[in-house]
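Engineer: I have a structure I would like to understand better, so I am pasting it below and will then ask my questions one at a time.
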Amino acid sequence: MQNTCTRHTRDFLEKSGAALLVVAALIFVLCLACLQSAAEDWPKYKRDLSNSGHSAETGISSANIASLQTKWTFQTGGLISASPAVATINGVSTVFIGSWNGVFYALNAVTGQVIWSFTVDYLSKGRCKASENWCRIGSTAFVDTTNNMVFFGAYNAYLYALDATNGTVIWKQSVGNPNTYEVWSSPAIYNGTVYVGVSSHGDEPCLEGGQVNAYNEATGKPLWSFNTIDQSTCPGGGTCVGGSVWSSVAVDSTNGIIYAGTGNPGSTCAPPTQNAGLYPDSILALKGTTGALLNYYQAIVNDNNDKDFGSSPFLYSTSETNQCTGTSTTNYWVSAASKNGNIFTLGRDANGLTGTEQANFSTVSGFIATPSVRPIRATSTCATGKKIIDNETYFFAPGSGGALWTYLLDGATDTVTQVSRNKFSTLASWASPAVIQDVVLFGGNDGNFYAMGKYGHTLKIFPTGTAPIYGGTAISNGRVYFGSTDGTLYCMSINGQ
């Protein structure tokens, strides 16, 4: 592209003379722009179907992160625990966020001005109150820019599909009894199907099995439902509960496989029950078209201590190309962080989960935040003029113990190793990070917003007050977005521009 631009500029000047230098300079600027990566939307939880949390934009890095400043703030009027979603609707960059007062907002992502708002159904609880949880929206939105639709769930057990241009309801679907059921999970859409997890209100009481549900995107018609409790494994033939799906599914779009993490079984519920054998505390691989269970991995058998998968699975790959042997290999992985302090990693292919799990123990405090990835390329010389090229993956996991754990899945050895542990606070972080270039961004329960380097070291701390930051970070068009439990939505950018 650069050579083409330069050639066209030179020919133009030779034909038209020095009087057109201004035009030539403009062409040169445009050439420079074409060399930079395009700005991206961040249309869902963790940005993409793999839940990578990785941005390919180039406007923010360790070189300028110290200049990150607040551009605008918006007060939603209720606690924010969801992550912002940012997408271009009718040419306008728009940020979508819900709060615990039951109001879902579409804001101009550049100015913070309200475009529209929508309040969820009150049902039988009376009027929503910011101080209570009757209408809370803990689900991060999914924005389908092709069809101008936005999807999210709420405390009232409804999954909503709204017109993203004006906030009118296209359809809404109840997932169960609103006195028991809730949608904390953030939707994922693939091939015209909406996939979402179903949970309880907080294990008081638990469900007779959490669910992974699929709905037709256009109509909301239920397509299939997978229950996470196999009652045939309930001791004594009784009814067991638990297995809520708090987290958001990841989608293998190549093979059409849905990966979901499940919650703890019934003994930690109120009131408690016996623990079913299947499928609490598990990573599930489900066939996207039918919901059929392909296989699963259970991290804890008979969990009596609430050590479930509160964070979401995330998908990635590693590869190696050896120019000396002429061989090339690619491996595909799914990882999920558990409240028992382990990050579990398994292989995956067209049939779901494969191989033996790698369990990397980090902290007795465990993980709630979903880690985010940073792909890298490493090269070494194997002979004169020939190389071994490894495409590897770092991932970053803020922990409940107030430390950021950094791991590397090596493309040559296919093993996960711990790179660093950076203790950044005496309080936990439940907020999922976002990664851009060599910077990791996330909020803490201490009210600080953190910028960490590519190996997990601290670059900059941005105080926002004392209110914890539970929701994840989104990055779009050189701007950073996150919400706080005091109801404030933040937009930050380099020099506040």
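The values are calculated or read from the model by the stated rules, or taken from the named source; none is laboratory data. Not measured: the values here are computed from a predicted model. Don't worry about glycine lacking a Cβ; one is built from the backbone with ideal geometry, like all the others, and counts go over all protein chains shown.
Engineer: Sort out which residues of the stretch 317-345 are among the aromatic types (Phe, Trp, Tyr), buried (at least 19 other Cβ atoms within 10 Å of the Cβ) and more than 21 Å from Arg421 (Cβ to Cβ), and write them in order of number.
Structural biologist: Within the stretch 317-345, the first condition is being among the aromatic types (Phe, Trp, Tyr), and the residues that meet it are 332-333, 344.
Then keep just the ones that are buried (at least 19 other Cβ atoms within 10 Å of the Cβ); that gives 333, 344.
Result: Trp333, single match.
Engineer: Would you mind finding the one in Ser174, Ser185 that is under 20 Å from the mean Cα position of the chain (by Cα), closer than 20 Å to Asp121 by Cα and among the small types (Gly, Ala, Ser)?
Structural biologist: Values: Ser174 fails: under 20 Å from the mean Cα position of the chain (by Cα).
Within the list Ser174, Ser185, the selection yields Ser185.
Engineer: Which of (1) surrounded by 16 or more Cβ atoms within 10 Å (Cβ to Cβ); (2) farther than 21 Å from Thr464 by Cα; (3) free of Cβ contacts under 8 Å to residues at least 60 places away in the same chain is the odd one out, the single condition Gly98 does not satisfy?
Structural biologist: The one condition Gly98 does not meet is (2).
Engineer: I want to confirm something. Restricting to the stretch 298-315 and keeping residues that are within 15 Å of Val249 (Cβ to Cβ) and of a type in the set (A, V, I, L, M, F, W, C), which single residue is surrounded by the most Cβ atoms within 10 Å (Cβ to Cβ)?
Structural biologist: Phe309
Engineer: Might you check whether a residue that is farther than 19 Å from Ser312 by Cα and among the aromatic types (Phe, Trp, Tyr) occurs anywhere in the stretch 40-53? Don't jump to the end; show me each part of the working.
Structural biologist: As a first pass, look at the stretch 40-53 and keep what is farther than 19 Å from Ser312 by Cα: 40-41.
Now drop any that are not among the aromatic types (Phe, Trp, Tyr), which leaves none.
Checked the stretch 40-53: no residue is farther than 19 Å from Ser312 by Cα and among the aromatic types (Phe, Trp, Tyr).
Engineer: Considering the stretch 223-257 alone, what residues qualify as being crowded, with 16+ Cβ neighbours inside 10 Å and either of a type in the set (D, E, K, R) or in contact with a Leu (Cβ under 7 Å, 6 or more places away or on another chain) (or both)?
Structural biologist: Across the stretch 223-257, the qualifying residues are Phe226, Asp230, Val241, Ser244, Ala250, Val251, Asp252, Ile257.
Engineer: Residue under question is Gly453, and the condition is that it be modelled with pLDDT under 95 and either buried (at least 23 other Cβ atoms within 10 Å of the Cβ) or touching an Asp or Glu at 6+ places or on another chain (Cβ under 7 Å) (or both); does it hold?
Structural biologist: Values: modelled with pLDDT under 95: no; either buried (at least 23 other Cβ atoms within 10 Å of the Cβ) or touching an Asp or Glu at 6+ places or on another chain (Cβ under 7 Å) (or both): yes.
No, not satisfied.
Engineer: Okay, next question. Pull up the stretch 450-490, narrow it to residues that are over 26 Å from Ala38 (Cα atoms) and among the aromatic types (Phe, Trp, Tyr), then point me to the one that is farthest from the chain's Cα centre (by Cα).
Structural biologist: The qualifying residue farthest from the chain's Cα centre (by Cα) is Phe462.
Engineer: Testing Leu159 on (1) among the aliphatic types (A, V, I, L, M); (2) closer than 22 Å to Tyr296 by Cα; (3) in contact with a Gly (Cβ under 8 Å, 6 or more places away or on another chain), one condition comes back false. Which one is that?
Structural biologist: (2)
Engineer: Select the strands (runs of 3 or more DSSP E) contained entirely in the stretch 229-332, then report the ones holding at least 1 residues which are under 19 Å from the mean Cα position of the chain (by Cα) and modelled with pLDDT of 95 or more.
Structural biologist: 250-252, 257-261, 282-287, 314-322
Engineer: Within the stretch 213-222, track down each residue that is hydrophobic (A, V, I, L, M, F, W, C) and crowded, with 17+ Cβ neighbours inside 10 Å. Outline the logic, then answer.
Structural biologist: Applying the first criterion (hydrophobic (A, V, I, L, M, F, W, C)) to the stretch 213-222 yields 214, 218.
Passing the criteria: only Ala214.
Engineer: Separate question: When the residues of the stretch 408-429 are narrowed to those that are more than 24 Å from Asn331 (Cβ to Cβ) and touching a residue at least 60 places away in the same chain (Cβ under 8 Å), which ends up surrounded by the most Cβ atoms within 10 Å (Cβ to Cβ)?
Structural biologist: This residue is Ser429.
Engineer: Applying the selection to the stretch 130-156, what residues are of a type in the set (A, V, I, L, M, F, W, C), buried (at least 22 other Cβ atoms within 10 Å of the Cβ) and modelled with pLDDT under 95?
Structural biologist: Cys135 - this is the single residue of the stretch 130-156 that is of a type in the set (A, V, I, L, M, F, W, C), buried (at least 22 other Cβ atoms within 10 Å of the Cβ) and modelled with pLDDT under 95.
Engineer: So, of the residues in the stretch 188-228 that are polar (S, T, N, Q) and part of a loop (DSSP other than H, G, I, E, B), which turns out to be nearest to the chain's Cα centre (by Cα)?
Structural biologist: Going residue by residue through the stretch 188-228, those that are polar (S, T, N, Q) are 191, 193, 199-200, 211, 213, 216, 219, 225, 227-228.
Right, trim to part of a loop (DSSP other than H, G, I, E, B) and you get 191, 219, 228.
Details: Asn191: 19, Thr219: 25, Thr228: 22 Å.
Among them, the one singled out is Asn191.
Engineer: On to the next question. With (1) out of contact with any Gly (no Cβ under 8 Å at 6 or more places or on another chain); (2) in a strand (DSSP E or B) as the list, and Pro178 as the residue in question, which single condition is left unmet?
Structural biologist: Condition not satisfied by Pro178: (2).
Engineer: Got a number for residues in the stretch 60-76 being in contact with a strand residue (DSSP E or B) (Cβ under 9 Å, 6 or more places away or on another chain) and part of a loop (DSSP other than H, G, I, E, B)?
Structural biologist: If we filter the stretch 60-76 for residues that are in contact with a strand residue (DSSP E or B) (Cβ under 9 Å, 6 or more places away or on another chain), which is where we start, we get 60-62, 64-76.
From what is left, the residues that are part of a loop (DSSP other than H, G, I, E, B) are 60-62, 64, 76.
So the count comes out to 5.
Engineer: Then there is this: If a residue has to be at negative phi, in contact (Cβ under 8 Å) with a residue 40 or more places away in the chain and not in a strand (DSSP E or B) to count, how many in the stretch 339-369 make the cut?
Structural biologist: Residues in the stretch 339-369 being at negative phi, in contact (Cβ under 8 Å) with a residue 40 or more places away in the chain and not in a strand (DSSP E or B): 10 in total.
Engineer: Just checking, which of Trp171, Trp184 is part of a strand (DSSP E or B), aromatic (Phe, Trp, Tyr) and modelled with pLDDT of 95 or more? Show your work before the answer.
Structural biologist: Numbers: Trp184 fails: part of a strand (DSSP E or B).
Result: Trp171 is the single residue among Trp171, Trp184 that is part of a strand (DSSP E or B), aromatic (Phe, Trp, Tyr) and modelled with pLDDT of 95 or more.
Engineer: May I pose another question? Looking at this structure, is Val120 in the same structural domain as Ala161 (by TED's automatic domain parsing) and either of a type in the set (Lys, Arg) or without any contact (Cβ under 8 Å) to a residue 60 or more places away in the chain (or both)?
Structural biologist: Numbers: in the same structural domain as Ala161 (by TED's automatic domain parsing): yes; either of a type in the set (Lys, Arg) or without any contact (Cβ under 8 Å) to a residue 60 or more places away in the chain (or both): yes.
Considered against the rule, which asks whether it is in the same structural domain as Ala161 (by TED's automatic domain parsing) and either of a type in the set (Lys, Arg) or without any contact (Cβ under 8 Å) to a residue 60 or more places away in the chain (or both), Val120 comes out as yes.
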